[in-house]
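One structure below.
Rule-based calculations on the coordinates, nothing more; no lab input. The shown structure was predicted, so the numbers you read here are calculated from the model rather than taken from an experiment. So basically every Cβ, Gly included, is an ideal-geometry build from the backbone, and we count neighbours across all protein chains shown.
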Amino acid sequence: MGAAAIASLEVLREEADRLAADARRPTAASSRMGEPRLTMAFRVRGNRRPSWLRGRLARKRHSGSGAGQETPSTSQDGPEAIFRERFRRLKPRTETPMFEIRFRPYASLRSTIKMQPGSRTIEVSLSDILRDAPPDVLDSLAAILLSKLYRQQIPKRTRRRYELWTHSQAVQDRMLAVRRERGRKNVLPPAGTVHDLDALFDRLNRRHFAGSLRKPGLGWSPKASRRRLGHYDPAHDVIVISRIFDRARAPELALEYVLFHEMLHVKHPAELRGTRRCVHTPEFQAEERTFPGYEHAKELIRSL
Ligand SMILES: [Zn+2]
């Protein structure tokens, strides 16, 4: 997976519907409309980096300064002040509302802005990755979010300023680490209805590894998959076993074999490239064949 990502506006479905409705409405009516009240989301999604950005990042790296180092005019101000100032510039004749800004531990660069009908407070939730962002980046984001809230066009330069920061190597690295830490891993607890993966792991560990294998997280898959019987996910350090084995009629030997196989992946971590690829080296395979009833277990799996 490349580290490159493109910042894109993710417009919520309801917003798109509303924009379509507004297009049909006379402008006088929509300008008379009072407060905005929709939640807007803005996030960065993994994708290709736009060509204009590639050139600028290369130049920045060459000159020895990272992205986001420009001297901002608001360096002493907190995010609330930045948002207030942006609001004043966007809506000079409207009384500036209160801003309630919260940093949240999202697993992505995600920002939302909302204002309840009749409220005088604009609520903003920002990914806590943005906590260390330079003020001018926060200023760009404030402009983007407020423009979305008030359905105004986002100036190209503003958007680019924000993207230049989100695509910098430091932010990309941080996002990858955060996704590892916080990305949800959907697994059920190891104690199933029939089998307990925890106890089974200990038994296999004693029998095949002299009890020396480090214990990762263990869990059942939410779906009783026949295609993916088990996998070891090194990013979350967890072995996941298909729930198809958590049944009285499922052959226990097959379950033991699948768990043993995943335990070998824990033992041979260097052989894994990426997070999803199973690399079974000759050493891996030789060790796998020491499993008693190896051939029979394979047959059982074929007939599942
Ligand atoms: Zn494997």
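Okay, here's what the table says:
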quantity	calculated
Shape category assigned to the range 197-302 from the gyration tensor of Cα positions, a/c cut at 1.5	rounded
Cα shape, the range 113-159, gyration tensor, a/c 1.5 rule	oblate
Protection proxy ranking of 140-152, 180-192 - average other beta-carbon atoms within 10 Å, highest first	140-152, 180-192
Packing rank of 86-94, 131-139, 102-110, where each peptide gets the mean count of other beta carbons within 10 Å, highest leading	131-139, 102-110, 86-94
